[in-house]
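Below is one structure, written out as structure tokens; comments come after it.
The values are calculated or read from the model by the stated rules, or taken from the named source; none is laboratory data. What you are looking at is a predicted structure, and each value in this text was computed from that prediction instead of being measured. A quick note on method: Cβ atoms are made from the backbone with ideal geometry, for glycine too, and the neighbour counts reach across all protein chains shown. All accessible areas refer to the heavy atoms of the entire protein, side chains included, with ligands and DNA or RNA removed. Shrake-Rupley method; radii C 1.70, N 1.55, O 1.52, S 1.80 Å.
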Amino acid sequence: MTDAGWATLSNQAVAAAAVVYFLALLAHVVEWASLRQVDRTKVLVGAGAPVDAPVAPAGAEVEKHEDRVAMFGRLGLLLTGIAAAIHFVALVGRGMSADPNRVPWGNMYEFTLAGTFVVAAFYLVMSRRYALSWLGPVVVTFVLTLLMVAVVWLYDPTGPLPEALNSYWLVIHVVSAITATGAFTLGGMTSVTYLLKRRRGDKPDTGLWARVPSLDKLDLISYRIHAFGFPIWTFAVLITGPIWAHQAWSSYWNWDPKEVWAFITWVVYAAYLHARTTAGWRGRNAAVLALVGTLTLWFNFIGINYFSTSSQHSYAGAPALPDSSASLSGK
Amino acid sequence: MTATETRPTAPAPERRSGELNLRELVRWTWRQLTSMRTALILLLLLALAAVPGSLVPQERVDSLKSSEWKDAHTTLAPIYEKLGIFNVYGSAWFAAIYVLLVISLLGCIIPRTFVYARGLRAQPPAAPRNLSRLPSHASYATTESAEVVLERARALLKHKRYRLRRDAGDSSVSAERGYLRELGNLVFHLAVLVVLVGFATGTLFGFRGGVILIQGQPFSNNLTQYDDFVPGSLFDPDGMDPFSFTVNKFGIEWLTTGPRAGMARGFNADLTYTEAPGEPEKSYDLRVNHPLKIGGTELFLIGHGYAPVVTIRDGDGNVAASGPVPFLPMGPDLFSFGVVKAPFAEPTQIGLEGYFYPAFADVDGTPVNLGGNDVNPLLSLNVYTGDLNMSSGSQSVYTLDKSKVTQVTGADGKNVRLNLTPGETVQLPNGLGSVTFDKVVSWQRIQISHTPGKDVALLGVVLALLGLMGSLFIRSRRVWVRVSEGPDGTTVDIAALDRSGGADTDAVLSQLVAALQKPEEKS
């Protein structure tokens, strides 16, 4: 297949993945909508409607209803899986369309494509182990939104890598950064859920909230996701980043805006881990910190590019400089 | 709160409650500073304090952008200057935060190290009297004898790498595991200090400089040769490595197709160097991402551009200026801006300012640059005459001081614009002289840096990562098993206590119970 062919395949796969993610979202919405009806039936039966009412058929109906809910839940998960597979094809196509072939993360469009894929993949891998299926609609909405942002605002035709990115550290550094980003993003979602659920109190819940784990369990899931992401982030930001920066820019730490924000993110998550073991900071405050961490993470990923013009992470700006020769300071 | 403890030896009736003497005040301050809560707040402050430096261009990171910013914001600049916003990471208030953080860290870690050292050899604590008071506990009845159950529990826990209490008695087993967790925690925090030491060494004793070299122009490593030089505050110029080098050939691979056609893909500078005067000459292919290391100093290729060779003859016909003048690229297509100065021209000084097009094209009367490869070079310059103001202190070679010059106009009253191709000579009006664009050569920007302590910093971060993983993933846990024989069989009580937080103790407990109840699958 020609490079142009691969590029077309990649673009079409992104569109197809977005459609399937959307179908997955619809399935989850139907699942959640049906959940509300189940409660009403349950309440009705529980309140002891007219004694002579036939109880058995109502029970059977409830069961049927629950089956339908479960079916839509499974359908949502299945569709998310299919969408993620197509998403992966889009990534591969993107890498194959470049000449020479390369890893598909050389500019913002590709980072976003890869980052959202990691979020979806993590969700799929962990949904069984941590019973995360309740998080499905949130994950799918997030991935869908960012894919749209990528296609509408960040799209860039495939090109060869700028010279500074042409290094095997691109694989190591960016894979670890994107992996940690995926984990932290999921952690942010569980932390938001924790905060929302906390406002309602951890009472025996009905409907939507019945599916969400208890506060303690949520806190534990959040912690585990963050504890997984934090060493990877450390590796990406404080080990591979500096090594590569030293090779390419002559200094391992330049206080470049991207570096500064990666450091800020690191400090915030370090504070989160400390907060979980500090009296008075457990639970709510820790979750707030985790959320702040997610915000700094995504601000660094996309936002800082629009605030700072002096970043050496030059892939970020649209008219990227191949090197820093324009920032000479003559005497 | 801890500082207000009663002190029976000092009956001081005149003291009001809450009043502290100096020693108590120091102690109170120390306790406050080293508390976890303070450490947390300091961490958040550190994150917050790092923000402004990412939004305002920093002097030490990009002095050109920084001074541009200052020119553009005349009201804010003096205020920011006072607050140190242009040098956040070297400012006193930023230092205050991390110094406090380090003190807080030391105050927390040193006592914990002693506690850990003592605890390392300690026995797991004896079983609490009432195991059912622990949050995770279970009990079951069995017909097996107490001895059998205990023996199995010991074997099981030992197999799971628990440390067992030696004198636990005949009715219970005390076990503990995960001693390395706290070690990881301590290693992580101490490694942070190692990183700081490495980083500080580099900042204090190192230097970073840059130089633009015309192809073929030799460079020897001493201060006078640098275009810009940022030394550490304890940097000793006498200790600089005495190497010298010359870029002999500079190669660029141009993209001719695709969305980035006209831009460079790869560049390499073929250079020869000697490590010290008299040493044999060696050669190296310097490329982006592939620095050259000479002694403790490293050379990086970080930029390139074009230097038109321009000759200015003055009104008397003498050569007033001649040679390559580096023009600075405005973008990846190497469309460049620069100035040529002839301060010794007679009768008046001459200054040229304008643009260099590597691949000039005229599209419907609009001049455009088609790419970085110099296939059709064109120099387009405005001419100024008068006093270039070069006696008033240092001046950038890349800008023209226009305060005392006038722009040269032609007979038609319009500003003169010289458009020159290589080899072309143009006479300036009013007998000012002539300008010749001889040819174009390339220049390379070489960054030269010496960063002592970088290996220390790297070792520190790697240690920190290992310690971090230990402290996050090693589970620190205590397990107690107690048996009591009654008339109708043996009752077994099991309790588990997770000391690390974030563990599913109930799951661990149920696994243990299951293993104890199934003797054939006890492993």
* Asked: Taking only protein heavy atoms and a 1.4 Å probe, what accessible area per residue, in Å², does the range B:296-380 have with all protein chains in place?
  -> 35 Å²
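Using 0.36 nm per residue, how much length does the chain from B:VAL363 to B:ALA95 gain when fully extended, once their Cα-Cα distance is taken away? Display every interim value, and only then the final one.
Values: separation 268, 0.36 × 268 = 96.48 nm, distance 5.56 nm.
Fully extending the segment from B:VAL363 to B:ALA95 adds 90.9 nm.
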* Structure fact -> Result row for chain B, helices from DSSP H with C-alpha axial extent 24 Å or more and mean Kyte hydropathy at least 0.5, is B:36-55, B:92-120, B:179-205, B:454-473
* At least 50 Å² of accessible area lost relative to the chain alone, listed for the range B:276-312 with a 1.4 Å probe -> B:VAL288, B:ASN289, B:PHE300, B:ILE302
* **Shielded by partner chains, the range B:54-90 residues - at least 20 Å² of accessible area, 1.4 Å probe, vs chain alone** => B:SER54, B:LEU55, B:VAL61, B:ASP62, B:SER63, B:LEU64, B:LYS65, B:TYR89
* **Alpha-carbon Rg with Dmax, taken over the range A:156-313, Å** => 18.0, 59
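Using helices alone, what [θ] at 222 nm do you get for chain B, with -39,500 (n - 2.57) per DSSP H run of 4 or more residues, divided over all residues and rounded to the nearest 500? Provide the component values of the computation, followed by the final result.
Values: 9 runs with 153 residues, N = 523.
Value at 222 nm, helices only, nearest 500: -10000 deg cm²/dmol.
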* To do: Assuming R0 = 60 Å, can you tell me the calculated FRET efficiency for the pair B:ARG417 and A:ASN285, based on Cβ-Cβ distance, to the nearest 0.05?
  => 0.40
* B:THR491-B:GLN225 pseudo-label distance in nm [points 7 Å out on the Cα-to-Cβ vector] -> 8.7 nm
* Considering the range B:82-182, what Rg and Dmax in Å follow from its alpha-carbon atoms? -> 23.9, 81
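Between B:LEU120 and B:GLN32, what length in nm is gained on full extension when 0.36 nm per residue of separation is reduced by their alpha carbon distance? Each step should come with its number before you reach the end.
Numbers: separation 88, 0.36 × 88 = 31.68 nm, distance 2.78 nm.
Extra length from B:LEU120 to B:GLN32 when fully extended: 28.9 nm.
Using 0.36 nm per residue, how much length does the chain from B:ASP241 to B:SER434 gain when fully extended, once their Cα-Cα distance is taken away? Don't skip to the end; give the middle numbers.
Numbers: separation 193, 0.36 × 193 = 69.48 nm, distance 4.39 nm.
Taking B:ASP241 through B:SER434 to full extension adds about 65.1 nm, to one decimal.
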* **Whole-Å distance, taken between Cα centres, linking the range B:480-516 and the range B:307-324** => 93 Å
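Express the carbon and sulfur contribution to the solvent-accessible surface of the range B:237-348 as a percent, rounded to the nearest whole number, probe 1.4 angstrom. Before the final figure, lay out the partial values.
Working: 2390 of 4750 Å².
Result for the range B:237-348: 50 percent of the exposed heavy-atom area is carbon or sulfur.
For the range B:205-351, compute the orientation-averaged projected area of the C-alpha convex hull (one quarter of its surface), in nm².
On the way: hull surface 48.3 nm².
That works out to 12.1 nm².
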* Over all pairs of distinct alpha carbons, what does the Kirkwood formula give as the hydrodynamic radius of chain B, in Å? -> 30.7 Å
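Sort A:LYS197, B:LYS282, B:LYS404, B:LYS70 by heavy-atom solvent-accessible area, probe 1.4 angstrom, most to least. Walk me through the intermediate numbers first.
On the way: A:LYS197 10, B:LYS282 85, B:LYS404 110, B:LYS70 45 Å².
Most to least solvent-accessible, the answer reads B:LYS404, B:LYS282, B:LYS70, A:LYS197.
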* To do: Would you kindly find the accessible area of B:GLU182, with a 1.4 Å probe and non-protein molecules such as ligands, DNA and RNA excluded, rounding to the nearest 10 Å²?
  => 50 Å²
* Accessible surface, 1.4 Å probe, highest first, among residues B:ARG265, A:ARG282 -> A:ARG282, B:ARG265
* **Around B:LYS65: net Lys/Arg minus Asp/Glu count, Cβ-Cβ under 13 Å** => -3
* To do: At 1.4 Å probe size, with no ligands or nucleic acids counted, give the accessible surface of A:TRP281 in Å², nearest ten.
  => 40 Å²
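In peptide A:157-163, what is the residue-averaged number of other protein chain Cβ atoms found within 10 Å of each Cβ?
Per residue, the number of nearby Cβ atoms from other chains is 6 on average.
In the range B:427-523, how does Rg compare with the Kirkwood Rh, expressed as the Rg/Rh ratio over alpha carbon atoms? Each step should come with its number before you reach the end.
Working: Rg = 36.9 Å, Rh = 21.5 Å.
On the Cα set of the range B:427-523, Rg over Rh gives 1.72.
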* Quickly work out the B:GLN217-to-B:LEU466 label distance, labels modelled 7 Å from Cα along the C-beta direction, and quote it in nm with one decimal. => 4.7 nm
* To do: Run the 1.4 Å probe and let me know the accessible area of B:ASP401, rounded to the nearest 10 Å².
  => 40 Å²
* Structure fact -> FRET efficiency for B:SER380 and B:ASP71 from the Cβ-Cβ distance with R0 = 22 Å, rounded to 0.05, comes out at 0.30
* Sequence of B:ASP238, B:ASP493 from largest to smallest accessible area, 1.4 Å probe -> B:ASP238, B:ASP493
* Using the Karplus curve 6.51 cos²θ - 1.76 cosθ + 1.60 with θ = phi - 60°, work out ³J(HN,Hα) for each residue of the range A:144-150 in order, rounded to whole Hz, and write x for Gly and Pro. => 4, 4, 5, 4, 5, 4, 4
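Accessible area lost on pairing A with B, both sides, 1.4 Å probe, Å² to nearest 100? The partial results should precede the final answer.
On the way: alone 17040 and 29430 Å², together 40480 Å².
By this definition, chains A and B bury close to 6000 Å².
Hey, what D do you get for the protein assembly as shown in µm²/s if you plug the Kirkwood alpha-carbon radius into Stokes-Einstein at 20 °C and 1.002 mPa s?
Values: Rh = 32.4 Å.
Estimated diffusion coefficient is 66 µm²/s.
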* For the range A:141-192: accessible area per residue (Å², 1.4 Å) -> 36 Å²
